[in-house]
Amino acid sequence: LPGSILNNTTASSQLAIGIIFLLQTVLGIWGNISLLYRYLFLYHTQSRMRVTALICKHLAIANIVVILSKGVPQTITTLRLKHFASDFACKLILYVERVGRSMSIGTTCLLSVFQTITISPINSYWKNLKVKAPKYIAFSISFCWIQYMLVHLIFPLYALYVSDKQCSTNMRNTRGSVYCSDTDLENISGSIYVALIVFPEISFSVLIFWASGSMILTLYRHSQRVQYIHKAIVSPRSSAESRATQSILLLASTFMCFHTLSCIFNITLALYHNPDWWLVYTNSLISVCFPFISPFLLMSHDSIVSSLCFLYMKNSVLHNLIRKM
């Protein structure tokens with residue numbers, strides 16, 4: 001009887017987590033697609049895309065990749081709809097997830113640093129970069145995509161090369177729940193993994209932390225100056241930049257919180273050969289939290305895009321009415 005109660009409790013808990021995964025996945029994909037639509041709409045109405053909008057567009061794409069490769073398989077596995085028994089399927093899912101995760105970190109870092117340079121005072125040491133930086137953003141994003149796709153392809157290829165087996169398993173079973181694990185990384189030399197994955201992630205995290213601190217300092221100095229100026233004199237452009245900076249600062253802070261939690265859970269999982277199911281699923285939930293929340297954070301502060309959408313819809317309706325008359 002106690003064993004039956006324990007099994008029922010575990011099954012109910014996994015069902016609840018599966019529903020959370022499902023909601024997180026559906027809402028996350030909807031939010032990121034909505035963000036993409038907004039920026040594409042902005043490009044359609046203005047015939048050009050702002051640099052921050054271009055970065056956010058690729059951040060949304062990276063978020064969708066993470067949610068599809070992490071949220072969807074975990075939802076299917078947790079709700080016991082299907083088991084991913086194929087070793088190739090696991091390798092492909094993990095590869096896509098790693099590329100999306102790295103791009104999410106890279107674009108968040110790029111967005112934070114670019115906004116820090118943009119709002120820096122004219123007489124600061126960033127004054128030369130303020131003009132040059134926008135020209136290299138598109139190249140930097142393309143380079144990141146190519147680099148991460150190639151770097152993360154090394155790991156499954158290296159694992160297959162050094163393994164004596166015909167195919168290495170990527171499946172783990174935790175109390176009846178089968179999930180894909182990073183066994184490829186366990187077969188690779190620690191120095192290679194640190195050089196290609198850990199060091200860049202730490203560097204990007206440090207840059208995001210520095211950029212956040214710089215934005216806070218700049219916003220504080222700006223607010224101090226504004227106190228001595230009448231509100232009517234403050235330009236709409238300055239107000240828009242301030243809102244955009246606050247939005248990006250909130251995004252960077254949210255990223256740092258969830259990224260730190262994810263790193264703690266990943267280290268904990270690495271210490272256990274057969275971790276408990278709740279530890280595995282909690283780590284998966286945390287890893288999808290930033291891709292799920294980030295589009296809503298950006299859209300909630302993007303009043304410029306919202307106003308442009310409203311203006312375009314209003315003009316379209318008026319144009320249709322005039323044509324009918």
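The values are calculated or read from the model by the stated rules, or taken from the named source; none is laboratory data. Since the model is a prediction, treat every value here as computed from it, not as a measurement. Virtual Cβ from ideal backbone geometry, glycine too; neighbours counted across all protein chains shown. All accessible areas refer to the heavy atoms of the entire protein, side chains included, with ligands and DNA or RNA removed. Shrake-Rupley method; radii C 1.70, N 1.55, O 1.52, S 1.80 Å.
If you go through the stretch 113-139 and keep only what is in a loop (DSSP other than H, G, I, E, B) and open to solvent by less than 50 Å² (accessible area, probe 1.4 Å), you end up with Ser120, Ser124.
With respect to Gly71, is the statement that it is modelled with pLDDT of 90 or more and out of contact with any strand residue (DSSP E or B) (no Cβ under 7 Å at 6 or more places or on another chain) true?
Values: modelled with pLDDT of 90 or more: no; out of contact with any strand residue (DSSP E or B) (no Cβ under 7 Å at 6 or more places or on another chain): yes.
Criteria not met by Gly71.
Close Cβ contacts (under 8 Å, 6 or more residues apart or on different chains) running from residues in the stretch 285-297 that are in a helix (DSSP H, G or I) to residues that are open to solvent by 20 Å² or more (accessible area, probe 1.4 Å) and among the small types (Gly, Ala, Ser) comprise Pro295/Ser34. One residue stands out among those in the stretch 96-142 that are among the hydroxyl-bearing types (Ser, Thr, Tyr) and under 14 Å from Leu54 (Cα atoms): the one that is farthest from the chain's Cα centre (by Cα), which is Tyr136.
Flag set for Ile29, criterion: among the β-branched types (Val, Ile, Thr) and modelled with pLDDT of 90 or more.
Out of the stretch 115-129, which residues are in contact with a Ser or Thr (Cβ under 7 Å, 6 or more places away or on another chain) and not small (Gly, Ala, Ser)? First the steps, then the outcome.
In the first step, residues of the stretch 115-129 are kept if they are in contact with a Ser or Thr (Cβ under 7 Å, 6 or more places away or on another chain); the result is 115-116, 119-120, 126.
The answer is Gln115, Thr116, Ile119, Trp126.
Can you tell me how many residues within the stretch 262-283 are in contact (Cβ under 8 Å) with a residue 40 or more places away in the chain and assigned to a helix (DSSP H, G or I)?
Pass one, the stretch 262-283, residues in contact (Cβ under 8 Å) with a residue 40 or more places away in the chain: 274-278, 280-281.
Checking the rest, the ones that are also assigned to a helix (DSSP H, G or I) come to 277-278, 280-281.
The number of residues fulfilling the criteria is 4.
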